[in-house]
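Trainee: Take a look at this one; I'll ask things after.
The values are calculated or read from the model by the stated rules, or taken from the named source; none is laboratory data. This one's a predicted model, so the numbers in the text were calculated from it and none came from an experiment. Counting neighbours? That spans all protein chains shown, and the Cβs are built from the backbone with ideal geometry, glycine included. The protein model used for the area step is the full one, side chains on, heavy atoms only, and it has no ligands, DNA or RNA in it. Shrake-Rupley method; radii C 1.70, N 1.55, O 1.52, S 1.80 Å.
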Amino acid sequence: MQTLYRRLLDLMPRIGVRVTDLGPGTAVVSRRGGPYRVTGAGKDTWVLRRDGERPGVAEGSAVRLGDTGALLLMEAASGQDERRLQLAAAEYLCTQHVTAMLELYGVNCVFDVGANNGQYAKRLRRLGYTGRIVSFEPTSETFARLEKASADDPDWHVHRCGLGREETTAEIHIGWKTMNSLLPASDYGKGRYSRFAKADTEEIRVRRLDEVMAEALDGLADPRPYLKMDTQGYDLEVFAGAGERIAEFVGMQSEVAVLKLYEGSPGMGEAVAKYEAAGFGITGMYPVTREAATGRVIEFDCVMMRADAAPAR
């Protein structure tokens, strides 16, 4: 597969296609003669056509290559199709960056807080991370899927609980798919997502991060943990629950909000300031969602590392 992919990239400049290589298995390719429109052609493929012409691969295609999540992207002119391609590229680049940071800092345990069905952990595995993963997901239905996903991976541990500032039980809003939250939806969130009209809840256990770390790191002679949080507006509460042990993490990742989808959630400035005060510095910011009408970013994935934990050069 990789040989065929490389041959394809080598051929494209000969037929007037510009290639920008983004790394192993991924490139952005474009050609003059648009505008183009992107149409769906299956789960992992987009097909481009010039406006006014019937769909076909003559104008090129954008294809997910292999099982690594790599994308071969064709440049789109504007509108919803372009935004979809931009966000797909941002997600890929974020994962590539995180994987590189895990290797650079010698991370051997990833805390996957807000694991959902295990998408994040599976993506890390596809990109070559072989260390321990400890995932936390509180809701019963979603945890069942997470447990199934991790069943054949002996170094992927899963826990059915949420994490927060204190040990307690709480009601979490469910039925919001990947957006279940301990916080209620904001007026802005309700206006953007119809799923927030549902009002089902489930009682869950909430634990402190510093209380679960001993078990999570057990057996690692020289723990080098990394904290990933995606808890739908609750990341700062998770962070607070680490107490002084937050200093043991060499890096972290948090979904920070520019436009708040949840009542009581912190804004990006507040969240980043808290993380920086604890010794973390930004190494990457990647848009997660945008407003279709304005192009404004709603949330970023913010990747941060602790400079004093970097390996000596």
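Trainee: Given the conditions (1) under 23 Å from R245 (Cα atoms); (2) open to solvent by 30 Å² or more (accessible area, probe 1.4 Å), report the number of the one that V212 does not fulfil.
Mentor: Every listed condition holds for V212 apart from (2).
Trainee: So A312 clears everything in (1) over 27 Å from T178 (Cα atoms); (2) in contact (Cβ under 8 Å) with a residue 24 or more places away in the chain; (3) surrounded by fewer than 17 Cβ atoms within 10 Å (Cβ to Cβ) except one condition, right? Which one?
Mentor: Only one criterion is unmet by A312, namely (2).
Trainee: Could you please let me know if A121 is assigned to a helix (DSSP H, G or I), open to solvent by less than 50 Å² (accessible area, probe 1.4 Å) and in contact with a strand residue (DSSP E or B) (Cβ under 8 Å, 6 or more places away or on another chain)?
Mentor: Criteria met by A121.
Trainee: Moving on. Any residue that is modelled with pLDDT of 95 or more, open to solvent by less than 70 Å² (accessible area, probe 1.4 Å), more than 20 Å from the chain's Cα centre (by Cα) and on the phi > 0 side of the Ramachandran plot - is there at least one of those in the stretch 278-289?
Mentor: Looking through the stretch 278-289, at least one residue is modelled with pLDDT of 95 or more, open to solvent by less than 70 Å² (accessible area, probe 1.4 Å), more than 20 Å from the chain's Cα centre (by Cα) and on the phi > 0 side of the Ramachandran plot.
Trainee: Right, here's the next one. Within the stretch 290-311, restricting attention to residues that are more than 25 Å from G191 (Cα to Cα) and assigned to a loop (DSSP other than H, G, I, E, B), which residue is farthest from the chain's Cα centre (by Cα)?
Mentor: Taking the candidates together, the pick is P311.
Trainee: Next question, about the same structure. When you look at R126, is it surrounded by fewer than 20 Cβ atoms within 10 Å (Cβ to Cβ) and within 20 Å of D301 (Cα to Cα), yes or no?
Mentor: yes
Trainee: I want to confirm something. Restricting to the stretch 171-195 and keeping residues that are at pLDDT below 95 and aromatic (F, W, Y), which single residue is least open to solvent (accessible area, probe 1.4 Å)?
Mentor: It comes out as W176.
Trainee: Here's another thing I want to ask about it. Residue by residue through the stretch 152-165, note down the ones that are without any contact (Cβ under 8 Å) to a residue 24 or more places away in the chain and either more than 22 Å from R224 (Cα to Cα) or open to solvent by less than 10 Å² (accessible area, probe 1.4 Å) (or both).
Mentor: D152
Trainee: Continuing with this model, one more query. Residues T168, T201: which one is surrounded by 13 or more Cβ atoms within 10 Å (Cβ to Cβ) and of a type in the set (V, I, T)?
Mentor: Matching residue, one of T168, T201: T201.
Trainee: Please go through the stretch 124-170 and pick out each residue that is assigned to a loop (DSSP other than H, G, I, E, B), among the hydrophobic types (A, V, I, L, M, F, W, C) and touching a helix residue (DSSP H, G or I) at 6+ places or on another chain (Cβ under 6 Å).
Mentor: L127
Trainee: Now for a different question. Can you name the residue in the stretch 91-110 that is β-branched (V, I, T) and outside any helix (DSSP H, G or I) and, of all such residues, is nearest to H157 (Cα to Cα)?
Mentor: V110
Trainee: Take the stretch 292-309 and flag every residue that is touching a residue at least 40 places away in the same chain (Cβ under 8 Å) and closer than 15 Å to L87 by Cβ.
Mentor: A292, G295, I298, E299, F300, D301
Trainee: Also: For A247, work out the one condition from (1) open to solvent by 60 Å² or more (accessible area, probe 1.4 Å); (2) touching a residue at least 60 places away in the same chain (Cβ under 8 Å) it doesn't fulfil.
Mentor: (2)
Trainee: Going by the structure shown, is A149 more than 20 Å from M305 (Cβ to Cβ), touching a residue at least 12 places away in the same chain (Cβ under 8 Å) and in contact with a Gly (Cβ under 6 Å, 6 or more places away or on another chain)?
Mentor: The answer is yes for A149.
Trainee: Across the stretch 129-151, which residue is most open to solvent (accessible area, probe 1.4 Å) among those that are more than 25 Å from N180 (Cα to Cα) and over 17 Å from the mean Cα position of the chain (by Cα)?
Mentor: Of everything passing the filter in the stretch 129-151, T130 is most open to solvent (accessible area, probe 1.4 Å).
Trainee: Take the residues in the stretch 290-309 that are modelled with pLDDT under 95 and among the charged types (D, E, K, R); name whichever of them is surrounded by the fewest Cβ atoms within 10 Å (Cβ to Cβ).
Mentor: Only one residue tops the list, namely D308.
Trainee: From the list G241, G264, G189, exactly one residue is in contact with a Pro (Cβ under 9 Å, 6 or more places away or on another chain) and touching a residue at least 12 places away in the same chain (Cβ under 8 Å). Which is it?
Mentor: It is G264.
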